[in-house]
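**Q** One structure follows; several queries about it will come next.
The values are calculated or read from the model by the stated rules, or taken from the named source; none is laboratory data. Since we're looking at a predicted model, the values are computed, not measured. Counting neighbours? That spans all protein chains shown, and the Cβs are built from the backbone with ideal geometry, glycine included.
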Amino acid sequence: MGTGAVVLVGNPRVGSRTRTVGEAAARAVLGDAAAEVTVLELGELVGVSFGPEPAYGSGRVADPLGLVRSARLLVVATPTYKGTYTGLLKVFLDQLGHRELAGVVAVPVAVAASEAHRQSVGAALRELLVELGATVPAPPLALLEPQVADVDEVAAAWAAAHAGPLAAALAAPVT
C-alpha cells in the first residue's frame, strides 16, 4: 500500500462537479488544502459506446485498477444516476475481486439532486466499498447539488466531524 490519495471519479463527463467534490473531500481528509492527489476520471479511462462503433479509453494510466488497489486513501466520487452510483463506476469496480481493497481506507462521496437520492446513493456506495474489503470509517460525504457551491466548507465540516475515525483508520497498520 501507499500510493497516497486517489480520487476515483465515476462521472462519465470529464471535469465535472463530481471531480471537484472528490478532490475537496480528499484534501479535507488529509487536512491539507495543497495536498497532491491522483485523480482517475473514468470518463477518460473507460471506453463506453452506445452506438455501433466501439469506444476506447485514453490509456493514459497504465494500470488504473492497480492504482486503486494500492491507494492508502481512496475517495470514490459519483453523481447520482437513477437513484444510485453510475454504471460506469459499477463496471470499473466490478473488475475487483472480493476483498481486493483490503488495507485501503475509502471515503464514498456522492452528489444528488434530492434528499432521498442523497441518502440512497451514499449508502449503496458505502456497501459496495465494504464488500470489496475497504475500510470505510465514516459515513458517506453526500451533498445535494446546491451544496457544491460551498464544497470546500462542506467537506471540511464533514472531515472535522469524522476526524477521529478517519485518522485512526489511516494510521492503522496495513495487514
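**Q** Just to verify a result, which residue in segment 118-131, among those that are touching a strand residue (DSSP E or B) at 6+ places or on another chain (Cβ under 8 Å) and either more than 15 Å from Ala77 (Cβ to Cβ) or among the basic types (Lys, Arg) (or both), is modelled with the highest pLDDT?
**A** Of everything passing the filter in segment 118-131, Arg126 is modelled with the highest pLDDT.
**Q** Provide a single number: the residues in segment 11-36 that are crowded, with 17+ Cβ neighbours inside 10 Å and of a type in the set (Asp, Glu).
**A** Count: 1.
**Q** Right, next: Would segment 98-110 turn up any residue that is closer than 10 Å to Thr80 by Cβ and touching a helix residue (DSSP H, G or I) at 6+ places or on another chain (Cβ under 6 Å)?
**A** The answer is yes, given that some residue of segment 98-110 is closer than 10 Å to Thr80 by Cβ and touching a helix residue (DSSP H, G or I) at 6+ places or on another chain (Cβ under 6 Å).
**Q** Next up: Among the candidates Gly59, Gly31, Gly10, Gly97, which residue alone is over 22 Å from Leu132 (Cα atoms), modelled with pLDDT of 90 or more and not hydroxyl-bearing (Ser, Thr, Tyr)?
**A** From the options Gly59, Gly31, Gly10, Gly97, the qualifying one is Gly31.
**Q** Okay, moving on. Consider Leu101 against the criteria (1) in a helix (DSSP H, G or I); (2) closer than 27 Å to Val174 by Cβ: it satisfies all of them except one. Which criterion is unmet?
**A** (1)
**Q** For segment 68-75, indicate whether the set of residues that are among the hydroxyl-bearing types (Ser, Thr, Tyr), modelled with pLDDT under 95 and under 15 Å from the mean Cα position of the chain (by Cα) is non-empty.
**A** yes
**Q** Would you please list the contacts, defined by Cβ atoms under 7 Å and residues six or more apart or on different chains, that run from a residue in segment 145-158 that is more than 14 Å from Asp32 (Cα to Cα) to a residue that is modelled with pLDDT under 95 and exposed (fewer than 15 other Cβ atoms within 10 Å of the Cβ)?
**A** Pairs that qualify, where the first residue is more than 14 Å from Asp32 (Cα to Cα) and the partner is modelled with pLDDT under 95 and exposed (fewer than 15 other Cβ atoms within 10 Å of the Cβ), are Glu145/Ala113.
**Q** Read through the list (1) part of a helix (DSSP H, G or I); (2) farther than 12 Å from Val29 by Cα, then give the number of the only condition that Gly164 fails.
**A** (2)
**Q** Another question, then. Please go through segment 104-122 and give me each residue that is under 13 Å from the mean Cα position of the chain (by Cα) and in a helix (DSSP H, G or I), ordered by number.
**A** Residues satisfying the conditions are Val121, Gly122.
**Q** Right, next: If you go through segment 124-147 one residue at a time, how many are surrounded by fewer than 16 Cβ atoms within 10 Å (Cβ to Cβ), touching a Lys or Arg at 6+ places or on another chain (Cβ under 9 Å) and in a helix (DSSP H, G or I)?
**A** Qualifying residue count, segment 124-147: 2.
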